[in-house]
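Notes follow once the structure below has been shown.
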Number of protein chains: 2
Amino acid sequence: MSNRSQRFMKLGAFLPAPGHHIAAWRHPDSQPAGGLDFDYYRSLALTAERGKFDMIFLSDGAGIRTHYKDEDELSRWGRMVHFEPLTLLSALAVVTKHIGLTATASTTYNEPFHIARKFASLDYLSGGRSGWNVVTSVTDLEAQNFNLERQPTHAVRYARAREFMVVAAKLWDSWEDDCFLYDKAAGRFFEPDKLHIPYHDGEFFKVRGPLNVARPPQGYPVIVQAGSSEDGQDFAAQWAEVVFTAQQTLEQAQAFYSGIKAQLSRYGRQPDELVVMPGVFPVVGRTSMEAEEKYEQLQALVDPAVGMGLLTGLLGDVDLSDYPVDGPLPELPVTEGSTSRQQLVYDQARHQGLTIRELYLSVSGARGHRFILGSPEEIADQLEEWFIHRGADGFNIMPPYLPGGLDDFVDLVVPVLQKRGLFRNEYEGGTLRENLGLKRPVNQHLLVKG
Amino acid sequence: MSNRSQRFMKLGAFLPAPGHHIAAWRHPDSQPAGGLDFDYYRSLALTAERGKFDMIFLSDGAGIRTHYKDEDELSRWGRMVHFEPLTLLSALAVVTKHIGLTATASTTYNEPFHIARKFASLDYLSGGRSGWNVVTSVTDLEAQNFNLERQPTHAVRYARAREFMVVAAKLWDSWEDDCFLYDKAAGRFFEPDKLHIPYHDGEFFKVRGPLNVARPPQGYPVIVQAGSSEDGQDFAAQWAEVVFTAQQTLEQAQAFYSGIKAQLSRYGRQPDELVVMPGVFPVVGRTSMEAEEKYEQLQALVDPAVGMGLLTGLLGDVDLSDYPVDGPLPELPVTEGSTSRQQLVYDQARHQGLTIRELYLSVSGARGHRFILGSPEEIADQLEEWFIHRGADGFNIMPPYLPGGLDDFVDLVVPVLQKRGLFRNEYEGGTLRENLGLKRPVNQHLLVKG
């Protein structure tokens, strides 16, 4: 036990209002207007911090990404308006002390100067608790908010993302950590030799710099990434410090875990420089029967039109309306969306012989992530198994509905994990990096200086 | 007195760390690292709110805009790293209750979807206290952070800005105010007829929408604008609800005031739909002699290289290094920067027969804005004169250094203004619009419906 307790699992609280289940907003205890209610998010953040979570994780889209055929169908969904994550996390930085704050931002529809700057600003506001979930976006609906008809190809999005990271790192490294002198008498604000103007000139970006924010407290925000395609894994091997991934079985998780860690060496990195956190959708009851009842309550609230729309999105914008809902999933083309997730959902349907209806019901909660259900001990068993057997370094917890699903996890499951020596009783450090066990990146100009 | 007290002056607190005077960071009481210190800004915000200011105003650049010939010269400036305003104001929203929060963002280097969304998010975080200072940016240095060598022409920047506003308004009006039903039983999140997808297709922007934030509490954030050129005034007449302007004399201020208000009718607007707020740089002492001493203390700290750089920037990137510093200002070309400010500074030099050195010292504090100095009563007299004689509806106060210059204004000048019935004792409303006396804009789709 004492050896095992040296390695704590890491936990993310993935908190979209009003929860992850597609019918969460219809749950009697959910707050459907929570997406734009700061008191709601303040309360969620304080609960997650009470549960010693490493970070709050906010997904995001540069627009509504829901697949719908008309406004009437869209009105059956319950999550189309919410805070923009960088503004929300800046506000949450003030009311929290320890928990990390990870926002999603797209490299496809943003400029590196703005993104590098906003995350640096958040890192200062939070005293070194910022994380950036780097996404390349996956829908044409988002592209259409930025002068495009269709999103760039998967390959182009990743090529742009790779250069985006190079530019962001150059901007964060503009000023060495000890650059600022504040010497009032000599009139010298900073040490000129410790300013490095990027003058980046590449394929996608020409960015002069320097950044107008000093080097962030963490050096760089913690880089999180969720792409599991071949391009996605290569990107992760170079840049990611946390990988958020969808894995269904321990064997798949172990293969992904060892595979992605092995790829780090290609970029001169060590296995412990990457934290692997599969997504987990936990339905927690005081007993497994109570958990079953909670799940059935949500499943009974799924609107068929919303279920079909969800499936359409997960499969990459394919139109299933011509196929019988109680028949099998047809053969599908490869699209330019999230290729790894499409394959995962497709394989699940084939493997389990599911009809279209059974398939959308099966993804209404976890959406392709791992679905676990049971008593606190049973939930802890399932997390422990993957953690001990190197399928995961931790988990991004996706509560079915909020705030209840988060309360259940914090009040019922966390104490079991702590008792087993699997999870911290107190935060280890002051920054997100310190809590995740990640080193602070050295300024690239010091590496050159040697 | 009773009639006059019906009209209160409006006050903005323009708060760049470490203050407006170019040598502020060298002042013994200034905090040169304040630009990235949240506790510093929290304290400033609470002081401004204690003084019943309408709003905090944060200027911004999409990059360092300082004019310098090398890193050594740049190191003599004291304000090149600071928080990004939208993240900072989101955090300040949590620690304040009444004061408005106005951030600058450029229409030239941003996309309307991101900007409309972030201000809508800030408006929700603050309960309706957001303001957007719309700028088109004025330097090539910023353009060079966004794939360009030079900034677009003044005319192109304004054409883009006008379309940008049209798109932003369409996005804010995507959802009618009473669109959201949250009807859990019927599975109906919103009323389909009250969603208006923009499908904007224009010269600069093609933006589908809808926004993924509901209509802001204020309808739109308060629109602030500072351009005083012909293009700038036309833009203000159409869109601005607060104009921040640089005026030197009462006669000039009155001409600007009546001129800009007269232009509103071109866009079907009434004179009281625009609040005119000249910038004022106040040096406040308990006596006028103490004020003189405070000013001289700052003037003595001006580094000649910094003074020359400031002048170069105000005059639109012109190189003055070949001209003797104690000689007259040469004839200058018109550039693509801030044309109105160039003219103002140029006229000042000509009118007063200033040498280059005298000119940069004269703008080291107010930078072309109105400079007033004296005891609290004398300061109040000067504000009252412009306010009573319709040179201003209020003032954007530019403290020489922080926090001292703001403390002086709040503790010494505000009580005099209140005693004279010129300024509020308590906030009138809960939103920035209510405090400024501005109406909440009606959704354009309701205007069409009639």
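All of the numbers you see were taken from the coordinates with simple rules; none came from a lab. Computed from a predicted model, the values in this text were never measured in an experiment. Note that we place each Cβ from the backbone using ideal geometry, even for glycine, and neighbour counts take in every protein chain shown.
What the table shows:
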item: Loop-resident sites, the range A:172-230, for GluC sites (Glu not before Pro), counting at most 14 other Cβ within 10 Å (DSSP); result: A:203
item: Amide N proximity, the range A:77-100 versus residue A:46 label position 7 Å along Cα-to-Cβ, cut-off under 19 Å; result: A:88-100
item: Computed helical MRE - 222 nm, the protein assembly as shown, DSSP H runs ≥ 4 contributing -39500 (n - 2.57), nearest 500; result: -11000 deg cm²/dmol
item: Ascending list, in nanometres, of distances separating the residue B:273 label from those of the other copies (7 Å, Cα toward Cβ); result: 5.8
item: Global form of the protein assembly as shown, assessed from the alpha-carbon gyration tensor, a/c cut-off 1.5; result: prolate
item: Average beta-carbon neighbours from other chains, 10 Å sphere, peptide A:107-120; result: 4
item: GNM top mover of A:303, A:393, A:322 - chain A, alpha-carbon springs below 10 Å; result: A:322
item: Net charge contributed by nearby residues that have their C-beta within less than 15 Å of residue B:403 (K/R +1, D/E -1); result: -4
item: The range B:225-283-the range A:338-384 distance, computed between alpha-carbon centres (Å); result: 60 Å
item: Peptide B:139-147 - average C-beta neighbours from other chains (10 Å radius); result: 5
item: Net charge of neighbours whose Cβ lies under 10 Å from the Cβ of residue B:427, counting Lys and Arg as +1 and Asp and Glu as -1; result: -2
item: Percent of beta bridges antiparallel (DSSP, the protein assembly as shown, rounded to nearest 5); result: 15 percent
item: Three-way shape label, the range B:67-188, alpha-carbon gyration tensor, a/c 1.5; result: oblate
item: Distances in nm from residue B:50 to the matching label points in the other copies, shortest first (labels 7 Å along Cα to Cβ); result: 3.4
item: Rounded if a/c under 1.5, otherwise prolate or oblate - chain A, Cα gyration tensor axes; result: prolate
item: Cβ-defined net charge surrounding residue B:17, 11 Å radius [Lys, Arg +1; Asp, Glu -1]; result: 0
item: Nearest-first distances (nm) between copies at residue B:70, label 7 Å from Cα via Cβ; result: 7.0
item: Other protein chain Cβ atoms within 10 Å, averaged over every residue that makes up A:51-61; result: 0
item: Derived scalar couplings ³J(HN,Hα) [the range A:120-127; Karplus, 6.51 cos²θ - 1.76 cosθ + 1.60; whole Hz; x for Gly, Pro]; result: 4, 5, 4, 5, 5, 4, 9, x
item: Neighbour cut-off at most 14 other Cβ (10 Å), DSSP loop, chymotrypsin sites (Phe, Trp or Tyr not before Pro), the range B:199-234; result: B:199
item: Trypsin sites (Lys or Arg not before Pro) within the range B:209-297: DSSP coil, no more than 15 neighbouring Cβ in 10 Å; result: B:286
item: Charge dipole (the protein assembly as shown, unit charges on Cβ, about Cα centre) - positive-most of A:80, B:156, A:207; result: A:80
item: DSSP beta bridge pairing in chain A, given as percent antiparallel to the nearest 5; result: 15 percent
item: Chain A: angle of helix A:230-239 to the longest principal axis, Cα-based, in degrees nearest 10; result: 40 degrees
item: Magnitude of the charge dipole, the range A:303-363, Cβ model with Lys/Arg +1 and Asp/Glu -1, debye to 20; result: 200 debye
item: Cross-link partners of residue B:52 among lysines (Cα-Cα below 21 Å; sequence separation of 8 or more within a chain); result: B:10, B:97, B:419, B:439
item: Computed magnitude of the charge dipole of the protein assembly as shown (debye, nearest 20; Cβ of K, R +1, Cβ of D, E -1); result: 640 debye
item: For chain A: relative contact order, % (alpha-carbon pairs under 8 angstrom, 6 or more apart); result: 24 percent
